[in-house]
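Everything on this sheet refers to the single structure shown next.
The values are calculated or read from the model by the stated rules, or taken from the named source; none is laboratory data. If you're wondering where the values come from, they're calculated on a predicted model, not measured in any experiment. Neighbour counts are summed over all protein chains in view; Cβ atoms, including those assigned to glycine, are modelled from backbone coordinates with ideal geometry. Side chains are part of the model used for accessible areas, which takes the heavy atoms of the whole protein and leaves out ligands, DNA and RNA. Shrake-Rupley method; radii C 1.70, N 1.55, O 1.52, S 1.80 Å.
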Amino acid sequence: MNEAIERAAGILTGAEYAIALTGAGLSVESGIPSFRGPGGLWTRYGQPSNLSYRVFSRDPQEWWENRLRDEATPDNPTYDLKAAVDAAEPNAGHIALAELESAGLLKSVITQNVDGLHGRAGSGKVLEIHGNRNYLRCVGCGKRQPREGYPITDLPPTCAECGGVIKLDTVMFGEPIPATTLAACVAEVQRCDAMLLVGTSGAVNPAAQFPLVAREHGAHIIEVNPMPTELTGAADVVITGAAGDILPALLSATKNRVNETD
Ligand code: APR
């Protein structure tokens, strides 16, 4: 593993514009279950249908009624995920990524996670491609606002500015990624010359395409994961292990290289 970490540190210190793409595995050590693999939410409860967004759109009031019920009733994926995220703190992996950014060695994080832990760990440029569960978003005008403190009385809640239906900011299966967010992610992918993949199975598009697109224009790909994934074959360096162990070691190896060259 140390040889792989040293190679990865060489890539990060040699890169002009390294970015990270993170998935649920990064937050496992914060107590939030992943979706796939052993103990994953979808493994336990089944993956939601790709028609989820259509079901919401067809009857937003019923969707909200079901959602608020599920958030308050144990033994369903909504309840389990809410309880875990409510209790979660950033872990050593999140903090290491924030410190890589502070050291100028990581320019942005594209995360598939909706838990908001990158921001709480101190990362500055975080692109939340699947949204953030702590926010609401208007389907009409796209306006986002914090969910906490927002009075959800009438169902569905509607936008004070445009009258549109308000949903959770989290992107649903079958829902288009908000255009501005997707464009920002694509710009980062196009610009990067190194991409650090952490804790993602590479099962969901468009995020799963990002490493392949980056590789096409010559970016080096580093994967951090205890298991092989759909993306392992595209990685130049595969570091097998948990993000909470690997990322602090990678941060240390990278800083040592920077100090050696100073
Ligand atoms: N450190 C690093 N990786 C880990 C750890 C860990 N401690 N524990 C598990 N993993 C890895 C697993 O091996 C797996 O490859 O994290 C990955 C989690 O994969 P998924 O559960 O599929 O999560 P993700 O890739 O983020 O899913 C993408 O699917 O359902 C949608 O919107 C959801 O954003 C999610 C998307």
_Filter the range 61-92 down to the residues that are part of a loop (DSSP other than H, G, I, E, B) and either hydroxyl-bearing (S, T, Y) or on the phi > 0 side of the Ramachandran plot (or both) and list them by number._
T73, D75
*Working only within the range 179-216, note down all residues that are charged (D, E, K, R) and either within 15 Å of E128 (Cα to Cα) or buried (at least 16 other Cβ atoms within 10 Å of the Cβ) (or both).*
E188, D193, R215
*Mind listing whichever residues of the range 110-126 are over 16 Å from E29 (Cβ atoms), away from the ligand (no atom under 13 Å from the Cβ) and not in a loop (DSSP other than H, G, I, E, B)?*
G119, V126
_Suppose we keep only residues that are outside any loop (DSSP other than H, G, I, E, B), within 15 Å of A203 (Cβ to Cβ) and open to solvent by 20 Å² or more (accessible area, probe 1.4 Å) within the range 26-60. Which one would you say is farthest from the ligand (Cβ to nearest atom)?_
T43
*Go through (1) farther than 25 Å from E29 by Cβ; (2) assigned to a strand (DSSP E or B) and name the single condition A183 misses.*
(2)
*Identify, please: which residue in the range 138-178 is in a loop (DSSP other than H, G, I, E, B) and among the polar types (S, T, N, Q) and is, among those, least open to solvent (accessible area, probe 1.4 Å)?*
T170
*Has the range 205-227 got at least one residue that is within 15 Å of the ligand (Cβ to nearest atom), at pLDDT 95 or above and acidic (D, E)?*
yes
